[in-house]
Amino acid sequence: MRVLELWRYPVKSLQGERLAEAELGPEGVTGDRQWALFDVDTGYGLTARRVPELLFATARLRPGGGDVDVVLPDGTVTGDDDRISAWLGRRVTLRPAGDPFVRPRYESPDDDLAEAAGATARWHDWQGAAGAFHDNADGRVSLVTTGSLGDWDRRRFRANVVLDGGSDADLVGRRVRLGEAVLDVNVPIPRCVMVTRPQPGGIGRDTSVLKTIHRERDGELAVAALVREAGTVRTGDVLEPV
């Protein structure tokens, strides 16, 4: 398997940046999911599960990597809470991972298939992983293969690494080298209503994606890994067993 694409998503649930090379460390791709938007009134972290509009803004690291810009759908580039709040129509604040006042608490529908179909769904809250704003403590880097994607647009699944190859499920439980980094591939990734959401670039709402994943793949697509040895990964690097 060879690396086709590398992606970093600096702000949770916003669009990200395609990279020619990426540094992998304990928190995954450097700068990935290092910020999130929080609702000021409820304290919840916002995701595109609850707020699909988030997928129409883009996040990018500023030169030097110490801060982040949000590019709103009208092209406005900002890091200002008031500007982002005006766009979303609710009071929000942009917070970094590691902020001592931030609890990574989110909302998800109890029934993703019902939510995707437009039915009324109950929502529950859940605690995210410590550190960067990843959903699962068992993975800091997500990988998906062209064999698993089939005809689906890889942008729906927001993986850090897109590999040219067969089934990514075959990697679970294995230790692999990717460029200079060594990864422990731990778990498949369960999929939620986010994969049905519309996105820029002609990706429309499609509830069949989630239905098919549940029907044919036990609700899972792509895999999550932890970084055992830090290092640089580049487009074109080959994934090899260790």
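Note on the range 84-160: the C-alpha convex hull projects to 7.5 nm² when averaged across all orientations. Separation of the range 13-57 from the range 74-99 is 12 Å, based on Cα centroids. Here the spin labels are modelled as points 7 Å beyond Cα on the Cα-Cβ line, and at ARG122 and ARG234 they lie 5.3 nm apart. By the count of neighbouring beta-carbon atoms within 10 Å, fewest first, VAL40, VAL92 end up ordered VAL40, VAL92. Evaluated with a Cβ-only charge set (Lys, Arg +1; Asp, Glu -1), the range 1-120 carries a dipole of roughly 140 debye about its Cα centre, given to the nearest 20. If you take all other residues with their beta carbon under 13 Å from the beta carbon of ALA121, and give Lys and Arg +1 and Asp and Glu -1, the sum is -2.
By other beta-carbon atoms within 10 Å, ranking HIS214, HIS134 with the fewest at the front produces HIS214, HIS134.
In plain terms, the chain from PHE101 to ALA137 could stretch by 11.0 nm, reckoned as 0.36 nm per residue minus the Cα-Cα distance. The distance between label points at ASP164 and ASP151 comes to 2.3 nm (points 7 Å beyond Cα on the Cα→Cβ vector).
In the range 58-101, the C-alpha radius of gyration followed by the widest Cα-Cα span (Dmax) gives 11.2, 33 angstrom.
Taking other Cβ atoms within 10 Å as a rough exposure proxy, LYS211, LYS12 sort from fewest to most as LYS211, LYS12. Other residues with beta-carbon under 15 Å from the beta-carbon of GLY89 carry, at +1 per Lys or Arg and -1 per Asp or Glu, a net charge of -2. If only the Cβ of Lys and Arg carry +1 and only the Cβ of Asp and Glu carry -1, the dipole of the range 2-233 around its Cα centre is close to 120 debye.
When all alpha carbon pairs of the chain are counted in 10 Å bins from zero, the resulting P(r) reads 8, 32, 38, 20, 2 %.
Since every read-out is calculated from the coordinates, none of them should be taken as a lab result. Keep in mind the model is a prediction, meaning the values are calculated, not measured. Neighbour counts are summed over all protein chains in view; Cβ atoms, including those assigned to glycine, are modelled from backbone coordinates with ideal geometry.
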